Amino acid sequence: MCGIVAYIGHRQAYPVILKGLKRLEYRGYDSAGIALINHSLKLYKKRGKVVNLEESVLGQQVDGSVGIGHTRWATHGEPSDRNAHPHRSSNGKLAMIHNGIIENYALLKQELIKKGYRFQSDTDPEVLLYFIEDIQKKNGSSLEEALRIALKRVVGAYVIVLVDEDNPDTLLAARKGSPLVIGIGKGEHFLASDASPIVEYTREVVYVNDYEIAIIKPDELVLKNLGNERQTPYIQQLDLELAAIEKGGYDHFMLKEIFEQPQTIHDCLRGRLDMANKMITMPGIEKNMELIKNANRILIVACGTSWHAGLEAEYIIEELCRIPVEVEYASEFRYRNPVIHPGDMIIAISQSGETADTIVAIEKAKEQGAIILGVVNVVGSSIARLSHAGAYTHAGPEIGVASTKAFTAQLTVLTMIALMIAKEKGTISGERYLHLLNQLNELPEKVSKVLENVDLIKQVALRYVGASDALFLGRGYNFPIALEGALKLKEISYIHAEGYPAAEMKHGPIALVEETLPVVFVATKDASHEKIVSNIQEIKARKGKVIAVITEGDHIIQGMADDVLPVPETDEIVAPVINTIPLQLLAYYMGVD
Ligand code: F6R
């Protein structure tokens, strides 16, 4: 994911932007660049890490109190110095950074080539920049006006920030479908893709809305819509500590965030799980309870790990609340013509609250009259703002690229929502309800216990680092966790991994099992325990290597598996939160070796 940082004010822009780009490194990138204005416009770009850029700039003049910076994750054009942002206009006066994709860039590029423009890179943002420049030239309009006209023709998602050598006291920015935060300081403004580069300078921020243009001077921020009408900036206070976005002694953010989970789950339960009064309170859900409990159907939209949380929620809500649930990849849903009936309820799940596919999916559902409940981590993010109601997951900033603590917080919130609905609908007995409240209450302590096994999990991980493939299997509530385990492994270690329902193995994939294949079973004690024992036997019969997440004291599976990762005994509805932890650590240690 690209990252953007920009500064205008009384400080030197370069160190602010460089530090900001380092804070955004967690998003992943393959090149970086900075543009500064000090009388003239200067660009510095480098393939690779921000530190490569920093080294390449050593000894050069990097003065100037206005500038823009970017980390690029290649989409159009290979990672290279040439394709790195910022891009420069053909007259050399403007520089622009962009996060997103300009879908109609090919058409615009053809038009511009016919007019004689020669491109320096293979990227879509350079096309947009030349397009803006061309409008400016043709109409004799201001840069702001040209930007507005250009954005009306652009198809796609963007955050862009522009600097102009002839107008060095103004930054222009615009967004649609990608996040942009503006930090307000005294006589200075900070722009970034998220709040992490801003938090050490100011707590006052404005989240720019879609189709808004920001005109930013050191001591003035003006927001306008594409119709040139002024909009009132909504200033919010950042609820983010600097320590939360630093590694705090851990080698990687992922490991830090895995170890934060007892605390994040505790934070997620706090103020909601009321053990004294034996109830759960979540105002956003309570206010809409009539609509939710009478919903004909719940549709969950999400991507990636958040989709896995949604699949888990399907199992839990159908079991406890007896409401039909469908889980959709937002990236598919948005391009289909889905059937949405009045009385359908949409739950959108997202850590960042900024995933473009999920945003478009809920916009589409909203157009058809659906009510949106957001289960979101980042406060004030686009999905939180687009939702009619919802519940935050309170996991704190997730900097690691692979989602860990946000996932367990999503599972915790979704389980609480299911319990609230079930109680209201009367689809759960009083005894089972109380039992599950107790189980939720014990979660932080049990997660701590799993984390105490880190050395064992690491040893097991190191035994399998040479594997080229892995299978993750589970049944029932443990099936979405198998999918999540496989996703974590491929994302972190680049080992090919697949998740399957354990019972589906016999319908084809079992042919892959051989001596060198690690097969990870999520096999804690639940209603399907006997069945999963049989599945393990099937793998052992084909000489596959079995690593099993088991309930402590499960001697049956312990006697069959090559390696076991024990977790405390937990009710099957709540167990997914616990069972995920060893798989996160397994992926991490197989990845870092
Ligand atoms: C995997 C991961 C991704 C995200 C997905 C959705 O570790 O992090 O699969 O879960 O990109 O992102 P959010 O939850 O921010 O909408």
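Okay, residues lined up against (1) acidic (Asp, Glu); (2) surrounded by fewer than 24 Cβ atoms within 10 Å (Cβ to Cβ); (3) in the same structural domain as Ala313 (by TED's automatic domain parsing):
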{"site": "Val460", "(1), (2), (3)": "no, yes, no"}
{"site": "Gly474", "(1), (2), (3)": "no, no, no"}
{"site": "Pro480", "(1), (2), (3)": "no, no, no"}
{"site": "Gly485", "(1), (2), (3)": "no, no, no"}
{"site": "Lys488", "(1), (2), (3)": "no, no, no"}
{"site": "Glu491", "(1), (2), (3)": "yes, yes, no"}
{"site": "His496", "(1), (2), (3)": "no, yes, no"}
{"site": "Met505", "(1), (2), (3)": "no, yes, no"}
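What tally of residues in region 96-120 results from selecting those that are in contact (Cβ under 8 Å) with a residue 24 or more places away in the chain and among the small types (Gly, Ala, Ser)?
So the answer is 1.
Restricting region 305-351 to residues that are near the ligand (Cβ under 9 Å from one of its atoms) and touching an Asp or Glu at 6+ places or on another chain (Cβ under 7 Å), which is nearest to Leu291 (Cα to Cα)?
If we take residues in region 305-351 being near the ligand (Cβ under 9 Å from one of its atoms) and touching an Asp or Glu at 6+ places or on another chain (Cβ under 7 Å), then Ala330 is nearest to Leu291 (Cα to Cα).
Taking region 208-223 on its own, how many of its residues are surrounded by fewer than 22 Cβ atoms within 10 Å (Cβ to Cβ) and at pLDDT below 95?
3
Within region 366-385, count every residue that is more than 9 Å from the ligand (Cβ to nearest atom), hydrophobic (A, V, I, L, M, F, W, C), buried (at least 20 other Cβ atoms within 10 Å of the Cβ) and under 16 Å from the mean Cα position of the chain (by Cα).
Residues in region 366-385 being more than 9 Å from the ligand (Cβ to nearest atom), hydrophobic (A, V, I, L, M, F, W, C), buried (at least 20 other Cβ atoms within 10 Å of the Cβ) and under 16 Å from the mean Cα position of the chain (by Cα): 2 in total.
Among the residues of region 43-62, are any part of a loop (DSSP other than H, G, I, E, B), touching a Cys at 6+ places or on another chain (Cβ under 8 Å) and under 27 Å from Pro397 (Cβ atoms)?
So far as region 43-62 goes, no, none of its residues is part of a loop (DSSP other than H, G, I, E, B), touching a Cys at 6+ places or on another chain (Cβ under 8 Å) and under 27 Å from Pro397 (Cβ atoms).
Filter region 1-34 down to the residues that are outside any loop (DSSP other than H, G, I, E, B) and charged (D, E, K, R), then identify the one that is nearest to Gln61 (Cα to Cα).
Lys19
What are the pairs with Cβ atoms under 9 angstrom where one residue, in region 536-556, is closer than 17 Å to Gly485 by Cα and assigned by TED's automatic domain parsing to the domain that holds Pro509 and the other, located anywhere, is surrounded by fewer than 16 Cβ atoms within 10 Å (Cβ to Cβ) and hydroxyl-bearing (Ser, Thr, Tyr)? Sequence gap at least six, or different chains.
Partner pairs satisfying both residue conditions: Lys545/Thr516.
Could you grab me the full set of residues in region 454-495 that are in a helix (DSSP H, G or I), more than 22 Å from the chain's Cα centre (by Cα) and polar (S, T, N, Q)?
Of everything in region 454-495, those that are in a helix (DSSP H, G or I), more than 22 Å from the chain's Cα centre (by Cα) and polar (S, T, N, Q) turn out to be Gln459, Asn478.
Can you go through Val513, Val533, Val564 and tell me which one is closer than 19 Å to Gly476 by Cα and either hydrophobic (A, V, I, L, M, F, W, C) or in contact with a helix residue (DSSP H, G or I) (Cβ under 7 Å, 6 or more places away or on another chain) (or both)?
Val533
Looking for whichever is surrounded by fewer than 20 Cβ atoms within 10 Å (Cβ to Cβ) and either within 10 Å of the ligand (Cβ to nearest atom) or over 20 Å from Ala309 (Cβ atoms) (or both) here; the options are Glu363, Glu354. Which one fits?
Glu363
Six or more apart or on different chains, Cβ atoms under 6 Å: show the pairs whose first residue is in region 456-479 and charged (D, E, K, R) and whose second is assigned to a helix (DSSP H, G or I).
What qualifies is Lys458/Tyr589; Arg475/Ala502; Arg475/Ile532.
Counting only residues that are acidic (Asp, Glu), give me the helices (runs of 4 or more DSSP H) lying completely in region 294-368 with at least 3 of them.
Those helices (runs of 4 or more DSSP H) span 304-321, 356-367.
Lys247 fails exactly one of the following numbered conditions: (1) of a type in the set (Lys, Arg); (2) in contact (Cβ under 8 Å) with a residue 24 or more places away in the chain; (3) part of a loop (DSSP other than H, G, I, E, B). What is the number of that condition?
(2)
Identify the residue in region 386-401 that is under 15 Å from the mean Cα position of the chain (by Cα) and surrounded by fewer than 24 Cβ atoms within 10 Å (Cβ to Cβ) and, among all such residues, is nearest to the ligand (Cβ to nearest atom).
My answer is Val401.
Looking only at region 42-56, which residues are among the hydrophobic types (A, V, I, L, M, F, W, C) and either touching a Pro at 6+ places or on another chain (Cβ under 7 Å) or surrounded by 20 or more Cβ atoms within 10 Å (Cβ to Cβ) (or both)?
Correct list: Leu43, Val50, Leu53.
Can Lys405 be described as touching a residue at least 12 places away in the same chain (Cβ under 8 Å), basic (Lys, Arg) and under 27 Å from Leu483 (Cα atoms)?
yes
Checking the condition in contact (Cβ under 8 Å) with a residue 60 or more places away in the chain, under 23 Å from Leu36 (Cα atoms), aliphatic (A, V, I, L, M) and part of a helix (DSSP H, G or I), which residue from Leu162, Leu147, Leu151, Leu129 passes?
Leu147
Condition first: at pLDDT 95 or above and in a loop (DSSP other than H, G, I, E, B). Can you find one or more residues in region 173-184 that meet it?
Looking for residues that are at pLDDT 95 or above and in a loop (DSSP other than H, G, I, E, B), one finds none in region 173-184, hence no.
The values are calculated or read from the model by the stated rules, or taken from the named source; none is laboratory data. Remember, it's a predicted structure, so these values are computed and weren't measured experimentally. Ideal geometry is used to build each Cβ from the backbone, glycine not excepted, and the neighbour counts take in all protein chains shown.
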